[in-house]
Amino acid sequence: MSNALAIATVTVTLREILQESATYIVPGSEVLTLRPQEMENRPADNARINIYLYQIVPNTALRNADVPTRRNDGTLIQPPQSAWDLHYILSFYGNESTVEAQRLLGSTVDILHSQPFLSRNKIRTIISNANNQYLAESNLDEQVESIKFIPLVLNLEELSKVWSVFFQTTYALSVAYQASVVLIEARDIARPALPVRDRNIYLVNFRQPVITRILSQSAISQGFMPYQPILTGHRLRIEGSQLRGAETTQVRIDQTVVTLDPNNISDRQIDLVLDNTVTAGVKGLQVVQTMKISTPERDYGFVESNIAAFILRPTITGSVTVATDPNNGNVLTVPVSPIIGSNQRVILLLNQLPTGNPADANLKAYTFVAPSRDTDTSEIAIPVFNVQQGEYLIRLQVDGAESLLTVDSDDNSPTFNQYIDPTVTIP
C-alpha cells in the first residue's frame, strides 16, 4: 500500500515517461510540472510539455473498501485507506511553424495509449533517483493496484471551463488524462489479534423462533380473550412456533432477561411470571435461543425471534396518602407496582366522583406530571395544586401505560357498573 507521497510520485513518474518520448520526437524539448500561469513567462517557441494536476476525486469503486476501520472502543482494525483518481491537464508549446506542439501531443497520446500503466520498475527508478530525494520515502511501487492513465473526453465547453480557472492565462493546445487508482494508507498500526489455536465446525439446524401473540393470565382464564390487561404478577403466555431452543431458551423484555421454568417451555408456547423487576410501559419481548459452540464451551447468543410488543400496566397497590402543605398545595404519595424507574415519565390523573347525580357535567378532572427522580421507587410523591375539595378517582400513567380502575359489579349497588376504586380524598 502507498503512503502520502503517492500522488507526487505519480506526477514525477509521468513526467519522466513523457520526457523520454518527447525528446525522441522533438530534440531539446522538456517536460515541466508548473502552474499554467508560470508558462506565460517562458519563450513561446520553446518546445515543452506542461503537466498540471488540476483535480483529484474519490474513486467510486474503492472509496469505502476499508469500512469499517475501527472497533466500537476506537481501537484500529486495519489502517484507514483512501482511494483517489487524479485528473491531469497536459498542455503543449513550441514553434507553430514546425508544429512542435502538435508533434509533442502526438508523442504523448501515443505513449499513454501503448503503455497506459506505470510499471513497478519505472516507479522504483524514479524513487531511487538522487535528483528525487523528496520521494525517497515513497512506496508507490508496493501498491497492489496498478495505476492506469485514461484519456478524459472533454468537449470545447468543458475544456474552456477548466482553462477559465487559470487567471489571465492564454489557452494552449491541451488534453486531459485521469490516473486511476491511487491508494493512500494511513501510518496507523493496527493492534494484532492473537492467533487462533483451534478451528471448530458446528452443524446446526436453522430454527427461527417466531412469536405470534402474547396473552395475560386474565385472558387465559376468560377463554383466551386477547385484549385483557397485563399486570405484574400475571402469568404471561407467549405463543408462536419453534420457541424451544436446542440448548438454552431465554425471554428478554427490553434489556431484562426473565428467568424461565424449563417445564413451562415448549415449541408452541412459553409461560412465565412477570415479577417486579419488569417496569411498566410499552415493552418489547423477544425469545433468545443460545447454544454452546466454543472450546471450552460457553453460552453464545445464537438466534433471536421477532420482537413482540405488549403493555404492562402499573397497579396502585394501597391507600393513597395526602400531605397538606400550606405553601405548596397537597402532595399525594401513591404506592405502585411494579417499581417505577428513575427515568420513567409518570402522570397522575384525577377524576372527581359525583356526590349526587352521576351525570353531573361539572365534575372536575386534573392532570399532574410527577417530578424527576434520582432512584427507582415503589412509592411516588406527586404535588397537586388548585384541586377542588372532594373525592377523586386516581390513575397513574407510566410511560404511556395506564393503571386500571375497578368497576362496581354489585347490581344492587347505586353505583352498579360505575368506576369506584381506587380513590383519594382531597381536603
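The modelled label-to-label distance for the pair residue 76/residue 169, using points 7 Å beyond Cα in the direction of Cβ, is 3.7 nm.
Placing unit charges on each Cβ (+1 for Lys and Arg, -1 for Asp and Glu) gives the chain a dipole about its Cα centre, and among 149, 319, 334 the Cα reaching farthest toward its positive end belongs to 149.
Taking other Cβ atoms within 10 Å as a rough exposure proxy, 54, 88 sort from fewest to most as 54, 88.
Once both labels are positioned 7 Å from their Cα atoms along Cα-to-Cβ, the gap between residue 362 and residue 381 label points is 3.5 nm. Every pair of different Cα atoms in segment 6-185 enters the Kirkwood calculation, which places the hydrodynamic radius at 17.7 Å.
Proximity of backbone amide H atoms, modeled 1.01 Å from N, is registered between residue 213 and 239 at under 5 Å, excluding neighbours fewer than 5 places apart on the same chain.
At 222 nm, what helix-only mean residue ellipticity would the chain give, in deg cm²/dmol to the nearest 500, using -39500 (n - 2.57) for each DSSP H run of four or more?
So the helix-based figure for the chain works out to -4000 deg cm²/dmol.
Using a cut-off of 20 Å between alpha-carbon atoms, which aspartates and glutamates can reach residue 161, once sequence neighbours fewer than 8 places away in the same chain are excluded? In chain and number order, the partners are 38, 40, 85. Taken as Cα centroids, segment 244-276 and segment 40-57 sit 75 Å apart, rounded to the nearest whole angstrom. For a test of the definition: using alpha carbon positions, the gyration tensor, and the 1.5 limit on a/c, classify segment 315-426 as rounded, prolate or oblate. Oblate is the answer for segment 315-426, as a/c is 1.5 or above yet b/c matches or exceeds a/b.
Packing-based ranking of 124-134, 102-112 yields 102-112, 124-134, ordered from highest to lowest mean Cβ neighbour count within 10 Å. Computed on the chain, with alpha-carbon pairs under 8 angstrom and 6+ residues apart, the relative contact order is 11 percent. Contact order normalised by length for segment 315-426, with contacts defined as Cα pairs under 8 Å and 6 or more residues apart; what percent is it? Computed over segment 315-426, the figure is 29 percent. Exposure proxy shown here: for 384, 153, the number of other Cβ atoms within 10 Å sets the order, fewest to most, as 153, 384.
Of 322, 162, the sequence from fewest to most neighbouring Cβ atoms within 10 angstrom is 322, 162.
In this rough spin-label picture, where each label sits 7 Å from Cα along the Cβ direction, the residue 256-residue 131 distance is 7.9 nm. Rounded to the nearest 0.05, the FRET efficiency derived from the C-beta distance between residue 41 and residue 97 at R0 = 25 Å is 0.70.
Where a number appears in this text, it was derived from the coordinates with a stated rule and is not lab data. Remember, predicted model here, so these are calculated numbers, not experimental data. With ideal geometry, Cβ positions are generated from the backbone for all residues, glycine too; neighbour counts draw on all protein chains shown.
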